[in-house]
1. Of all residues in the range 310-324, count the ones that are among the hydrophobic types (A, V, I, L, M, F, W, C), more than 9 Å from the chain's Cα centre (by Cα) and within 25 Å of Leu165 (Cβ to Cβ).
2. Yes or no: the range 124-140 includes at least one residue that is in contact (Cβ under 8 Å) with a residue 60 or more places away in the chain, out of contact with any Ser or Thr (no Cβ under 8 Å at 6 or more places or on another chain) and under 25 Å from Arg263 (Cβ atoms).
3. Pairs please, first residue from the range 307-321 and closer than 14 Å to Ile434 by Cβ and not assigned by TED's automatic domain parsing to the domain that holds Thr63, second anywhere and assigned to a loop (DSSP other than H, G, I, E, B) and among the hydroxyl-bearing types (Ser, Thr, Tyr), Cβ atoms under 6 Å, 6+ apart in sequence or on different chains.
4. Of everything in the range 208-227 that's outside any helix (DSSP H, G or I) and at pLDDT 95 or above, which residue is farthest from the ligand (Cβ to nearest atom)?
5. Would you tally the residues in the range 410-438 being surrounded by fewer than 24 Cβ atoms within 10 Å (Cβ to Cβ), in contact with a Pro (Cβ under 9 Å, 6 or more places away or on another chain) and either aromatic (Phe, Trp, Tyr) or in a helix (DSSP H, G or I) (or both)?
6. Under the condition of being closer than 19 Å to Pro401 by Cα and in contact with a Ser or Thr (Cβ under 9 Å, 6 or more places away or on another chain), which residue from the range 281-304 is farthest from the ligand (Cβ to nearest atom)?
7. Could you please let me know if Ile350 is under 29 Å from Ile137 (Cα atoms) and among the aliphatic types (A, V, I, L, M)?
8. Return yes or no: is Cys389 assigned by TED's automatic domain parsing to the domain that holds Gly357 and buried (at least 22 other Cβ atoms within 10 Å of the Cβ)?
Amino acid sequence: MTAAALSRTAAGPALISMDIGHDAYAAVTDPNTAFWALVDKNRVDEALADGPLFDRYREKADTFARELHALRFGLKPSGVYLNPTERCNLNCTYCYLPDTQRSGGSHMPTEMLLASLGQLRDYFRSVMPEGRKPRAIFHGAEPLMNKTAVFAAINEFADDFTFGLQTNGTLLDAAAVEFLTARNVSIGLSLDGPVAGITDATRRTWGGKSVHGKVLAAMDKLKGYGSWSVITTCTTENLPFLTQMVELFHAREVPTCMLNAVRCTLPGARDVKPADGDMAQAFTQALDRTHELYRETGRKLLVANFANILIAILAPTARRLMCDISPCGGGRAFFALAADGNLYPCSEFIGLPRFNGGNLLATGGVEAALASAAFRPVIERDVDKFAPCADCAIRHFCGSPCPAEAHEMNGGMGMIGAFCEFYKEQVSYALRLIADGKANDYLWDGWDEDTETTFDLGC
Ligand SMILES: C[S@@+](CC[C@H](N)C(=O)[O-])C[C@H]1O[C@@H](n2cnc3c(N)ncnc32)[C@H](O)[C@@H]1O
């Protein structure tokens, strides 16, 4: 994708053109407001000159700017990632949680988890509209290693939170599935390969044993349940197999998956970081395959992290994940509770003590953490303020993720994350789908029911 700035000297909105690699269409966009339109590739100059498109955009530009500003700076937290234990029975090579904690760390005692959820419920009530429940996701290290506490919390706070649980699947027995599905808890699994040899390259026990078969067995147990998903973390080890990965997910009736590029916050992850071009190629081939499978069977396999980019383009305020916006959701739309009771902007920061915003159960709790010097650099990381993002046409569809990665891998909050070019390719691919009228095929049904068209050129 290339973006060419075109001059617009008068104060006010400015449009630039973007080659999206489509035969017939180019995009014109105002990166400041995330406005875009697709235009005839051979008539870009006309579209950028004073004329109907520009006039109509000028009328709406302030509204777009206000909406984007509210999304970027006006949100209150509505979710929490809960780490009920530091421990994990797996030693994934790229994990962002420190290995000393995962191997020898502590569980959060049941009483402390219950007290924490009580405190969190009160906090969310004070900032969320009445009738809306906050989301609480049990997320790390392996929540089912502290199942007693987790299940006690889900029972006790069923009316106060919408719960989710992310697990490696190895401890998800029939009783656990029954407990969680009966309470409508959304369940996420993790699997990195279509066959054991690939999964084992990155996800295995501390003793080096394969868990691939156990995750497939967990997937079988969840077949037919409405609210489950599987994460594949994309690395050099599985990149050539992403297409087989989505074939496996589709065959096993996984409703939603995520094909997440490995976050390079800790050094172990950087050893398996794919090059941007390789990541983009494998990822878009896998997306193409999901579309073929949809066409063949009428059943969608959603790739949620890509769907979120599409939504960021089509209806910015309907985004569901908050990694691809700047400032990101960490410490703003959500935060994380570590197993020792300390608060971090996001789980990604749990291995980085300088981002510890203080203890939830201490005086000040969540409010103090949100205002803390530990959270502020994350909350204030703004793509409008650092190069090369400040001049990038897609900065408000990408958000330059992730601050933890930028800080640890590239040396500061004012740096880009690990996959700049990959994001540009994703946005171009998304715009090509829109140009071809295929975007709905990559989104959950009814995604646009709660959204409103604010700009429709009607052509
Ligand atoms: C940290 S684990 C915790 C929950 C559970 N133990 C599991 O495996 O799903 C949550 C997810 O984060 C992914 N993950 C861990 N480190 C990562 C990294 N550096 N980059 C991207 N994803 C990562 C894991 O593969 C897993 O899918």
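The values are calculated or read from the model by the stated rules, or taken from the named source; none is laboratory data. Quantities reported herein were computed from a predicted structural model and do not represent experimental measurements. Neighbour counts run over all protein chains shown; Cβ positions are idealised from the backbone, glycine included.
1. 2
2. Within the range 124-140 (the criterion being in contact (Cβ under 8 Å) with a residue 60 or more places away in the chain, out of contact with any Ser or Thr (no Cβ under 8 Å at 6 or more places or on another chain) and under 25 Å from Arg263 (Cβ atoms)), the answer is no, since none of the residues qualifies.
3. Filtered contacts from the range 307-321: Ala315/Thr451.
4. Checked the range 208-227; the qualifying residue farthest from the ligand (Cβ to nearest atom) is Gly224.
5. Within the range 410-438, residues that are surrounded by fewer than 24 Cβ atoms within 10 Å (Cβ to Cβ), in contact with a Pro (Cβ under 9 Å, 6 or more places away or on another chain) and either aromatic (Phe, Trp, Tyr) or in a helix (DSSP H, G or I) (or both) number 2.
6. By that ranking, first place goes to Val303.
7. Taking the combined requirement at face value, the residue satisfies it.
8. Considered against the rule, which asks whether it is assigned by TED's automatic domain parsing to the domain that holds Gly357 and buried (at least 22 other Cβ atoms within 10 Å of the Cβ), Cys389 comes out as yes.
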